[in-house]
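Participant: Sharing a structure below in structure tokens format, with a few things to ask.
Where a number appears in this text, it was derived from the coordinates with a stated rule and is not lab data. Only a predicted model underlies this, so the values are computations on that prediction, with no experimental measurement involved. When we count neighbours, we look across all protein chains shown, and the Cβ atoms used for this are built from the backbone with ideal geometry, even at glycine.
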């Protein structure tokens, strides 16, 4: 059985707006499609909070098999 080794990428997308919290859906889609074309697969995505629960950043964790 061959063991698959993975490499990981952390993608951080900043939110907009005066107090943060506005996620540009098209920017997120474009970034994920660009990475997907390079062989990256989304593993997890989450937001980071600031005061009163507004979203500061969206953090996406991606993986792909390492080249042999």
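Participant: Using alpha carbons only, how many degrees (0 to 90, rounded to 10) separate the axis of helix 25-37 from the longest principal axis of the chain?
Facilitator: 10
Participant: Turning to a different aspect of this structure: Between residue 28 and residue 1, what's the calculated FRET efficiency when r is the beta-carbon distance and R0 is 25 Å? Round to 0.05. Let's see the in-between values first.
Facilitator: Details: r = 36 Å, r/R0 = 1.45.
The value I calculate is 0.10.
Participant: Helix-only estimate, please: 222 nm mean residue ellipticity of the chain, summing -39500 (n - 2.57) across DSSP H runs of length 4 or more and dividing by its residues, to the nearest 500. Present the calculation step by step, with values, prior to reporting the outcome.
Facilitator: Values: 1 runs with 13 residues, N = 68.
The helix contribution divided over the chain gives -6000 deg cm²/dmol.
Participant: Among 39-47, 3-11, what's the highest-first ranking by average C-beta atoms within 10 angstrom per residue? Don't skip to the end; give the middle numbers.
Facilitator: Numbers: 39-47: 13.3, 3-11: 10.0.
Final packing ranking: 39-47, 3-11.
Participant: While we're on this one: Work out, step by step, the length gained on full extension between residue 66 and residue 49: first 0.36 nm times the residue separation, then minus their alpha carbon distance; give nm to one decimal.
Facilitator: Answer, rounded to one decimal: 2.9 nm.
Participant: With a 10 Å radius around each residue's Cβ, average the other Cβ atoms per peptide and rank 58-65, 30-37, highest first.
Facilitator: Working: 58-65: 16.1, 30-37: 12.9.
The most tightly packed comes first, giving 58-65, 30-37.
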